[in-house]
1. Highest first, please rank the peptides 11-23, 48-60 by the mean number of other Cβ atoms sitting within 10 Å of their residues.
2. Need the full-extension length gain, R33 to I45, defined as separation in residues times 0.36 nm minus the C-alpha distance. One decimal, nm.
3. Tilt of helix 76-85 relative to the longest C-alpha principal axis of the chain, in degrees (0 to 90, nearest 10)?
4. Using alpha carbons only, how many degrees (0 to 90, rounded to 10) separate the axis of helix 8-21 from the longest principal axis of the chain?
5. Suppose every Lys and Arg Cβ carries +1 and every Asp and Glu Cβ carries -1, with no other charges. What dipole size does the chain come out with about its Cα centre, to the nearest 20 debye?
6. Within the accessible area of the chain, what % is carbon and sulfur when the probe is 1.4 Å and the other protein chains stay in place?
7. Given labels modelled 7 Å from the Cα in the Cβ direction, how far is it in nm from I20 to D55?
8. Counting each pair of different Cα atoms once, what's the Kirkwood radius of the chain in Å, rounded to one decimal?
Amino acid sequence: MPGPQMNIDQKIEREVEDIIRELECPKHFRCYRSGFKDLCPAEDIGVNLFLECRDDRPEQCKFALLMGSSYLCQCSLRYYIFKKLKK
């Protein structure tokens, strides 16, 4: 449990590291290594734990799930970045 002296950046870093430990990413966590600058495009659709994938080639992503005519992003790290960091 984070102590009271832990700042928000340290808390986010720890949460991101916890998520990364649970994932296998074919892109080798490019989003994280770029300081959250190299992110795949995604949009909030109001469904908990899912974003709409706006990538040009979502079918090539292991985290993309075809749902009707759209792809949903199932990446827990991408969801965290979107919700927590507003990116």
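The values are calculated or read from the model by the stated rules, or taken from the named source; none is laboratory data. Computed from a predicted structure; not experimentally measured. Heads up, the Cβs are rebuilt from the backbone with ideal geometry, glycines too, and the neighbour counts pull from every protein chain shown. Ligands, DNA and RNA are excluded from the accessible area calculation, which covers all protein heavy atoms including side chains. Shrake-Rupley method; radii C 1.70, N 1.55, O 1.52, S 1.80 Å.
1. Values: 11-23: 12.5, 48-60: 14.2.
Highest mean packing first, the order is 48-60, 11-23.
2. Contour length minus Cα-Cα distance gives 1.7 nm.
3. Tilt of helix 76-85: around 60 degrees.
4. 50
5. Working: 15 positive and 14 negative charges, 39 e Å.
That gives a dipole near 180 debye.
6. Details: 3200 of 6180 Å².
Heavy-atom surface of the chain belonging to carbon and sulfur, 1.4 Å probe: 52 percent.
7. So the two model labels end up 1.8 nm from each other.
8. Numbers: mean 1/r = 0.0727 Å⁻¹.
One over the average 1/r among Cα pairs gives 13.8 Å for the chain.
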